1. Could you check the stretch 39-58 and list, in sequence order, the residues that are open to solvent by less than 40 Å² (accessible area, probe 1.4 Å) and of a type outside the set (Asp, Glu)?
2. Limited to the stretch 244-259, what total is found for residues that are over 16 Å from Thr215 (Cα atoms) and out of contact with any helix residue (DSSP H, G or I) (no Cβ under 7 Å at 6 or more places or on another chain)?
3. If I filter the stretch 241-252 down to residues being at pLDDT 80 or above and exposed (fewer than 14 other Cβ atoms within 10 Å of the Cβ), which single residue comes out as nearest to Ser166 (Cα to Cα)?
4. Looking only at helices (runs of 4 or more DSSP H) that fall completely inside the stretch 116-192, which ones have 2 or more residues that are in contact (Cβ under 8 Å) with a residue 60 or more places away in the chain?
5. State all residues of the stretch 193-212 that are farther than 16 Å from Gly152 by Cβ and either assigned to a helix (DSSP H, G or I) or not assigned by TED's automatic domain parsing to the domain that holds Thr271 (or both); if no residue qualifies, say none.
6. What residue, of Tyr10, Tyr78, Tyr59, Tyr68, is among the hydroxyl-bearing types (Ser, Thr, Tyr), more than 30 Å from Leu115 (Cα to Cα) and modelled with pLDDT of 90 or more?
7. Could you list, in sequence order, the residues of the stretch 59-84 that are exposed (fewer than 14 other Cβ atoms within 10 Å of the Cβ) and part of a helix (DSSP H, G or I)?
8. For the stretch 148-182, give me each residue that is over 27 Å from Ile200 (Cβ atoms), aliphatic (A, V, I, L, M) and either loosely packed, with under 14 Cβ neighbours inside 10 Å or over 29 Å from the mean Cα position of the chain (by Cα) (or both).
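The values are calculated or read from the model by the stated rules, or taken from the named source; none is laboratory data. Predicted model only: the values in this text are computed from it and were never measured. Because the Cβ atoms are built from the backbone with ideal geometry, glycine has one as well, and the counts that use them run over all protein chains shown. All accessible areas refer to the heavy atoms of the entire protein, side chains included, with ligands and DNA or RNA removed. Shrake-Rupley method; radii C 1.70, N 1.55, O 1.52, S 1.80 Å.
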Amino acid sequence: MTQLISAVLYPAEKSVLFFKRLPVQLFLPVLSVGLAIAMDQILPRAAEQKVVGHPYFTYLLGVTLLGYMGMILVGLKYVKWHAAAVYIAPFYAGVTLLLNVLNMLTAKYALLPVLYFPAMDRVLEVLVNDASYLATCVIYSYRLLFIGWFFGAIAGISTGILLGFSKAANYWIWPFIRTIGPIPSTAWIPLVLVAFPSVISGSVFLIALAVWFPTTVLTNSGIANINNSYFEVSATLGAGRWYQIFKVGIPAAMPSIFQGLFNGTCASFITLVTAEMLGAKYGLGWYINWQKEMMAYANVYAGLILIAASFCLIITGLFKFKNYILVWQRGVIKW
(Lines give C-alpha, C1' and ligand atoms only; values in the text may rest on other atoms or scores of the structure.)
Protein backbone atom coordinates (compact mmCIF):
# COMPACT_ATOMS: atom_id res chain seq x y z
CA MET A 1 0.00 0.00 0.00
CA THR A 2 2.86 2.36 0.86
CA GLN A 3 4.46 1.68 -2.51
CA LEU A 4 1.17 2.41 -4.27
CA ILE A 5 0.77 5.77 -2.47
CA SER A 6 4.36 6.67 -3.28
CA ALA A 7 3.84 5.79 -6.94
CA VAL A 8 0.85 8.13 -7.07
CA LEU A 9 2.34 11.00 -5.08
CA TYR A 10 5.86 10.99 -6.56
CA PRO A 11 4.83 12.37 -10.02
CA ALA A 12 2.73 15.05 -8.31
CA GLU A 13 5.62 16.06 -6.04
CA LYS A 14 7.92 16.07 -9.04
CA SER A 15 5.54 18.38 -10.92
CA VAL A 16 5.31 20.74 -7.92
CA LEU A 17 9.08 20.92 -7.66
CA PHE A 18 9.30 21.55 -11.41
CA PHE A 19 6.95 24.53 -11.26
CA LYS A 20 8.69 25.89 -8.15
CA ARG A 21 11.97 25.98 -10.05
CA LEU A 22 10.47 28.15 -12.79
CA PRO A 23 10.75 31.94 -12.34
CA VAL A 24 7.55 33.52 -11.04
CA GLN A 25 7.42 36.03 -13.89
CA LEU A 26 6.88 33.19 -16.38
CA PHE A 27 3.36 32.80 -14.99
CA LEU A 28 2.41 36.48 -15.40
CA PRO A 29 1.36 36.07 -19.07
CA VAL A 30 -0.74 33.03 -18.18
CA LEU A 31 -2.64 35.02 -15.56
CA SER A 32 -3.01 38.04 -17.84
CA VAL A 33 -4.22 35.99 -20.82
CA GLY A 34 -6.55 33.93 -18.64
CA LEU A 35 -8.11 37.09 -17.22
CA ALA A 36 -8.55 38.60 -20.69
CA ILE A 37 -10.18 35.45 -22.08
CA ALA A 38 -12.50 35.15 -19.07
CA MET A 39 -13.64 38.75 -19.32
CA ASP A 40 -14.14 38.48 -23.07
CA GLN A 41 -16.30 35.38 -22.71
CA ILE A 42 -18.24 36.28 -19.57
CA LEU A 43 -19.05 39.96 -19.97
CA PRO A 44 -21.88 40.82 -22.39
CA ARG A 45 -21.15 42.66 -25.61
CA ALA A 46 -22.20 46.29 -25.96
CA ALA A 47 -25.31 46.74 -28.05
CA GLU A 48 -23.63 49.44 -30.16
CA GLN A 49 -20.87 47.10 -31.34
CA LYS A 50 -21.48 44.90 -34.37
CA VAL A 51 -21.61 41.19 -33.58
CA VAL A 52 -18.95 39.04 -35.27
CA GLY A 53 -19.21 35.41 -36.29
CA HIS A 54 -16.42 34.06 -34.08
CA PRO A 55 -14.63 35.16 -30.88
CA TYR A 56 -11.51 36.22 -32.76
CA PHE A 57 -10.05 38.09 -29.80
CA THR A 58 -10.16 34.95 -27.68
CA TYR A 59 -8.67 32.95 -30.56
CA LEU A 60 -5.78 35.41 -30.82
CA LEU A 61 -5.08 35.26 -27.10
CA GLY A 62 -5.20 31.47 -27.13
CA VAL A 63 -2.83 31.15 -30.08
CA THR A 64 -0.29 33.53 -28.57
CA LEU A 65 -0.48 31.73 -25.23
CA LEU A 66 0.13 28.37 -26.92
CA GLY A 67 3.16 29.85 -28.65
CA TYR A 68 4.45 31.21 -25.36
CA MET A 69 3.94 27.87 -23.57
CA GLY A 70 5.78 26.17 -26.42
CA MET A 71 8.68 28.55 -25.90
CA ILE A 72 8.77 27.62 -22.20
CA LEU A 73 8.82 23.91 -23.01
CA VAL A 74 11.59 24.33 -25.56
CA GLY A 75 13.44 26.39 -22.97
CA LEU A 76 13.65 23.33 -20.73
CA LYS A 77 16.23 21.99 -23.18
CA TYR A 78 17.71 25.16 -24.70
CA VAL A 79 18.97 27.92 -22.41
CA LYS A 80 18.49 30.70 -25.00
CA TRP A 81 14.79 29.91 -25.36
CA HIS A 82 14.37 29.89 -21.58
CA ALA A 83 16.11 33.25 -21.29
CA ALA A 84 13.93 34.65 -24.09
CA ALA A 85 10.75 33.43 -22.37
CA VAL A 86 11.80 35.01 -19.07
CA TYR A 87 12.72 38.26 -20.82
CA ILE A 88 9.46 38.72 -22.76
CA ALA A 89 7.14 37.52 -19.98
CA PRO A 90 6.49 40.94 -18.34
CA PHE A 91 6.12 42.67 -21.70
CA TYR A 92 3.74 39.98 -23.01
CA ALA A 93 1.65 40.21 -19.84
CA GLY A 94 1.57 44.01 -20.05
CA VAL A 95 0.51 44.04 -23.71
CA THR A 96 -2.22 41.50 -22.97
CA LEU A 97 -3.47 43.65 -20.10
CA LEU A 98 -3.52 46.70 -22.39
CA LEU A 99 -5.49 44.77 -25.03
CA ASN A 100 -7.88 43.61 -22.34
CA VAL A 101 -8.51 47.20 -21.22
CA LEU A 102 -9.02 48.26 -24.84
CA ASN A 103 -11.46 45.40 -25.35
CA MET A 104 -13.42 46.57 -22.33
CA LEU A 105 -13.56 50.15 -23.61
CA THR A 106 -14.74 49.12 -27.07
CA ALA A 107 -16.43 45.73 -27.29
CA LYS A 108 -17.92 45.49 -23.81
CA TYR A 109 -18.86 49.03 -22.74
CA ALA A 110 -18.49 51.13 -25.93
CA LEU A 111 -17.01 54.04 -24.00
CA LEU A 112 -15.16 55.20 -27.12
CA PRO A 113 -16.93 56.35 -30.31
CA VAL A 114 -17.98 53.10 -31.98
CA LEU A 115 -17.54 54.42 -35.53
CA TYR A 116 -13.87 55.30 -35.03
CA PHE A 117 -12.98 52.65 -32.44
CA PRO A 118 -14.44 49.30 -33.47
CA ALA A 119 -13.96 46.24 -31.32
CA MET A 120 -10.75 44.30 -31.84
CA ASP A 121 -12.56 41.17 -32.94
CA ARG A 122 -14.05 43.17 -35.84
CA VAL A 123 -10.54 44.16 -36.93
CA LEU A 124 -9.39 40.55 -36.64
CA GLU A 125 -12.44 39.46 -38.64
CA VAL A 126 -11.36 41.76 -41.48
CA LEU A 127 -7.87 40.23 -41.43
CA VAL A 128 -9.39 36.75 -41.72
CA ASN A 129 -12.19 37.38 -44.23
CA ASP A 130 -10.24 39.75 -46.51
CA ALA A 131 -6.96 37.86 -46.27
CA SER A 132 -6.60 37.22 -50.02
CA TYR A 133 -7.33 40.81 -51.03
CA LEU A 134 -5.07 42.20 -48.31
CA ALA A 135 -2.32 39.84 -49.49
CA THR A 136 -2.65 41.35 -52.99
CA CYS A 137 -2.26 44.83 -51.49
CA VAL A 138 0.80 43.74 -49.48
CA ILE A 139 2.47 42.27 -52.57
CA TYR A 140 1.77 45.44 -54.55
CA SER A 141 3.22 47.62 -51.77
CA TYR A 142 6.26 45.38 -51.39
CA ARG A 143 6.95 45.57 -55.10
CA LEU A 144 6.95 49.36 -55.08
CA LEU A 145 8.94 49.52 -51.86
CA PHE A 146 11.68 47.08 -52.83
CA ILE A 147 12.20 48.47 -56.33
CA GLY A 148 12.31 52.06 -55.10
CA TRP A 149 14.45 51.18 -52.08
CA PHE A 150 16.94 49.23 -54.21
CA PHE A 151 17.50 51.99 -56.74
CA GLY A 152 17.55 54.65 -54.02
CA ALA A 153 20.11 52.72 -51.97
CA ILE A 154 22.36 52.08 -54.99
CA ALA A 155 22.15 55.73 -56.05
CA GLY A 156 22.71 56.99 -52.50
CA ILE A 157 25.75 54.82 -51.81
CA SER A 158 27.25 55.62 -55.22
CA THR A 159 26.72 59.37 -54.80
CA GLY A 160 28.11 59.30 -51.26
CA ILE A 161 31.23 57.44 -52.40
CA LEU A 162 31.70 59.87 -55.27
CA LEU A 163 31.42 62.87 -52.95
CA GLY A 164 33.69 61.29 -50.37
CA PHE A 165 36.56 60.47 -52.70
CA SER A 166 36.32 63.19 -55.34
CA LYS A 167 37.00 66.81 -54.44
CA ALA A 168 35.67 67.98 -57.80
CA ALA A 169 32.38 66.13 -57.32
CA ASN A 170 32.13 67.43 -53.77
CA TYR A 171 32.67 70.99 -55.03
CA TRP A 172 30.09 70.85 -57.84
CA ILE A 173 27.45 68.37 -56.61
CA TRP A 174 27.32 68.85 -52.84
CA PRO A 175 25.72 72.34 -52.97
CA PHE A 176 22.83 70.98 -55.07
CA ILE A 177 22.35 68.05 -52.71
CA ARG A 178 22.23 70.36 -49.70
CA THR A 179 19.62 72.49 -51.47
CA ILE A 180 17.41 69.85 -53.04
CA GLY A 181 17.91 66.88 -50.72
CA PRO A 182 16.10 68.17 -47.60
CA ILE A 183 12.91 68.78 -49.60
CA PRO A 184 10.46 65.97 -48.66
CA SER A 185 10.04 63.53 -51.51
CA THR A 186 6.25 63.88 -51.31
CA ALA A 187 6.61 67.58 -52.19
CA TRP A 188 7.64 66.49 -55.69
CA ILE A 189 4.29 64.83 -56.36
CA PRO A 190 2.94 67.59 -58.66
CA LEU A 191 6.02 67.29 -60.90
CA VAL A 192 6.00 63.49 -60.74
CA LEU A 193 2.42 63.36 -61.99
CA VAL A 194 3.49 65.31 -65.07
CA ALA A 195 6.94 63.84 -65.70
CA PHE A 196 6.24 60.11 -65.30
CA PRO A 197 3.97 58.07 -67.59
CA SER A 198 2.42 55.90 -64.87
CA VAL A 199 1.64 55.91 -61.18
CA ILE A 200 3.95 52.94 -60.59
CA SER A 201 7.03 54.59 -62.10
CA GLY A 202 6.29 57.85 -60.29
CA SER A 203 5.84 56.04 -56.96
CA VAL A 204 9.11 54.16 -57.43
CA PHE A 205 10.89 57.45 -58.11
CA LEU A 206 9.48 59.08 -54.97
CA ILE A 207 10.52 56.12 -52.80
CA ALA A 208 14.00 56.05 -54.37
CA LEU A 209 14.33 59.79 -53.75
CA ALA A 210 13.39 59.34 -50.09
CA VAL A 211 16.10 56.68 -49.65
CA TRP A 212 18.73 58.45 -51.76
CA PHE A 213 19.26 61.62 -49.72
CA PRO A 214 19.97 60.22 -46.20
CA THR A 215 22.05 57.40 -47.68
CA THR A 216 24.13 59.89 -49.67
CA VAL A 217 24.70 62.23 -46.73
CA LEU A 218 25.69 59.56 -44.22
CA THR A 219 27.84 57.65 -46.70
CA ASN A 220 29.72 60.83 -47.48
CA SER A 221 29.99 61.63 -43.77
CA GLY A 222 31.29 58.15 -42.98
CA ILE A 223 34.02 58.43 -45.61
CA ALA A 224 34.98 61.93 -44.46
CA ASN A 225 35.41 60.73 -40.86
CA ILE A 226 37.78 57.86 -41.70
CA ASN A 227 41.16 58.24 -40.05
CA ASN A 228 43.60 59.37 -42.73
CA SER A 229 46.26 57.03 -41.33
CA TYR A 230 44.33 54.08 -42.82
CA PHE A 231 44.93 55.42 -46.31
CA GLU A 232 48.51 56.35 -45.55
CA VAL A 233 49.34 52.86 -44.31
CA SER A 234 47.64 51.20 -47.29
CA ALA A 235 49.51 53.51 -49.69
CA THR A 236 52.80 52.69 -47.97
CA LEU A 237 52.08 49.00 -48.51
CA GLY A 238 51.54 49.64 -52.22
CA ALA A 239 47.76 49.93 -52.44
CA GLY A 240 46.42 51.81 -55.46
CA ARG A 241 43.58 54.32 -55.57
CA TRP A 242 40.84 51.78 -56.36
CA TYR A 243 42.10 49.39 -53.68
CA GLN A 244 41.93 52.20 -51.11
CA ILE A 245 38.38 52.99 -52.13
CA PHE A 246 36.94 49.47 -52.15
CA LYS A 247 39.11 47.74 -49.54
CA VAL A 248 39.75 50.56 -47.06
CA GLY A 249 37.30 53.44 -47.48
CA ILE A 250 33.99 51.67 -48.09
CA PRO A 251 34.43 48.97 -45.37
CA ALA A 252 35.43 51.65 -42.84
CA ALA A 253 32.36 53.73 -43.74
CA MET A 254 29.96 50.77 -43.52
CA PRO A 255 28.46 51.75 -40.12
CA SER A 256 27.52 55.19 -41.47
CA ILE A 257 26.22 53.65 -44.70
CA PHE A 258 23.87 51.41 -42.74
CA GLN A 259 22.69 54.37 -40.68
CA GLY A 260 21.79 56.10 -43.92
CA LEU A 261 19.97 53.01 -45.16
CA PHE A 262 17.97 52.77 -41.93
CA ASN A 263 16.97 56.43 -42.13
CA GLY A 264 16.13 56.04 -45.80
CA THR A 265 14.04 52.95 -45.09
CA CYS A 266 11.94 54.81 -42.53
CA ALA A 267 11.46 57.68 -44.99
CA SER A 268 10.50 55.20 -47.73
CA PHE A 269 7.67 53.82 -45.56
CA ILE A 270 6.11 57.26 -45.27
CA THR A 271 6.58 57.97 -48.97
CA LEU A 272 5.10 54.59 -49.95
CA VAL A 273 1.82 55.22 -48.15
CA THR A 274 1.56 58.71 -49.66
CA ALA A 275 2.58 57.60 -53.16
CA GLU A 276 -0.11 54.91 -53.25
CA MET A 277 -2.75 57.58 -52.78
CA LEU A 278 -1.90 59.14 -56.16
CA GLY A 279 -4.20 56.83 -58.06
CA ALA A 280 -3.03 53.27 -57.46
CA LYS A 281 -5.54 50.43 -57.59
CA TYR A 282 -3.85 48.32 -54.93
CA GLY A 283 -1.46 48.73 -52.01
CA LEU A 284 -1.81 49.13 -48.27
CA GLY A 285 -1.72 52.93 -48.41
CA TRP A 286 -4.42 52.96 -51.07
CA TYR A 287 -6.48 50.40 -49.10
CA ILE A 288 -6.37 52.50 -45.92
CA ASN A 289 -7.37 55.66 -47.77
CA TRP A 290 -10.19 53.84 -49.58
CA GLN A 291 -11.60 52.33 -46.39
CA LYS A 292 -11.34 55.69 -44.61
CA GLU A 293 -13.53 57.25 -47.26
CA MET A 294 -15.98 54.37 -46.79
CA MET A 295 -15.92 55.03 -43.01
CA ALA A 296 -14.92 51.39 -42.47
CA TYR A 297 -12.47 51.94 -39.65
CA ALA A 298 -12.16 48.26 -38.80
CA ASN A 299 -10.60 47.83 -42.24
CA VAL A 300 -8.42 50.89 -41.67
CA TYR A 301 -6.99 49.38 -38.49
CA ALA A 302 -6.46 46.06 -40.26
CA GLY A 303 -4.40 47.85 -42.91
CA LEU A 304 -2.40 49.69 -40.24
CA ILE A 305 -1.65 46.40 -38.49
CA LEU A 306 -0.35 44.91 -41.73
CA ILE A 307 1.82 47.97 -42.38
CA ALA A 308 3.28 47.83 -38.86
CA ALA A 309 3.92 44.07 -39.03
CA SER A 310 5.42 44.05 -42.53
CA PHE A 311 7.65 47.07 -41.93
CA CYS A 312 8.81 45.59 -38.62
CA LEU A 313 9.89 42.47 -40.52
CA ILE A 314 11.77 44.60 -43.06
CA ILE A 315 13.63 46.56 -40.38
CA THR A 316 14.44 43.33 -38.50
CA GLY A 317 15.81 41.78 -41.69
CA LEU A 318 17.92 44.87 -42.34
CA PHE A 319 19.33 44.65 -38.80
CA LYS A 320 20.18 40.98 -39.35
CA PHE A 321 21.95 41.85 -42.59
CA LYS A 322 23.84 44.64 -40.80
CA ASN A 323 24.96 42.25 -38.08
CA TYR A 324 26.17 39.80 -40.72
CA ILE A 325 28.16 42.42 -42.63
CA LEU A 326 29.46 44.27 -39.56
CA VAL A 327 30.26 41.19 -37.50
CA TRP A 328 33.29 42.98 -36.03
CA GLN A 329 30.93 45.39 -34.21
CA ARG A 330 29.35 42.61 -32.16
CA GLY A 331 29.86 43.37 -28.48
CA VAL A 332 31.48 46.73 -29.30
CA ILE A 333 28.65 48.88 -30.65
CA LYS A 334 25.00 48.36 -29.69
CA TRP A 335 22.15 49.55 -31.96
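1. Passing the criteria: Ala46, Gln49, Val52, Tyr56, Phe57, Thr58.
2. Residues that pass the stated criteria total 2.
3. Among them, the one singled out is Trp242.
4. Numbers: elements: 120-129, 131-165, 167-180.
The helices (runs of 4 or more DSSP H) meeting that bar are 120-129, 131-165.
5. So in the stretch 193-212, the residues farther than 16 Å from Gly152 by Cβ come out as 193-195, 197-199.
If the condition is that a residue be farther than 16 Å from Gly152 by Cβ and either assigned to a helix (DSSP H, G or I) or not assigned by TED's automatic domain parsing to the domain that holds Thr271 (or both), then Leu193, Val194, Ala195, Val199 are the ones that fit.
6. Details: Tyr10 fails: modelled with pLDDT of 90 or more; Tyr78 fails: modelled with pLDDT of 90 or more; Tyr59 fails: more than 30 Å from Leu115 (Cα to Cα).
The unique qualifying residue is Tyr68.
7. Within the stretch 59-84, the subset exposed (fewer than 14 other Cβ atoms within 10 Å of the Cβ) is 62-63, 66-67, 70, 73, 76-80, 83.
Within the stretch 59-84, Gly62, Val63, Leu66, Gly67, Gly70, Leu73, Val79, Lys80, Ala83 meet the criteria.
8. Leu162, Leu163, Ala168, Ala169, Ile173
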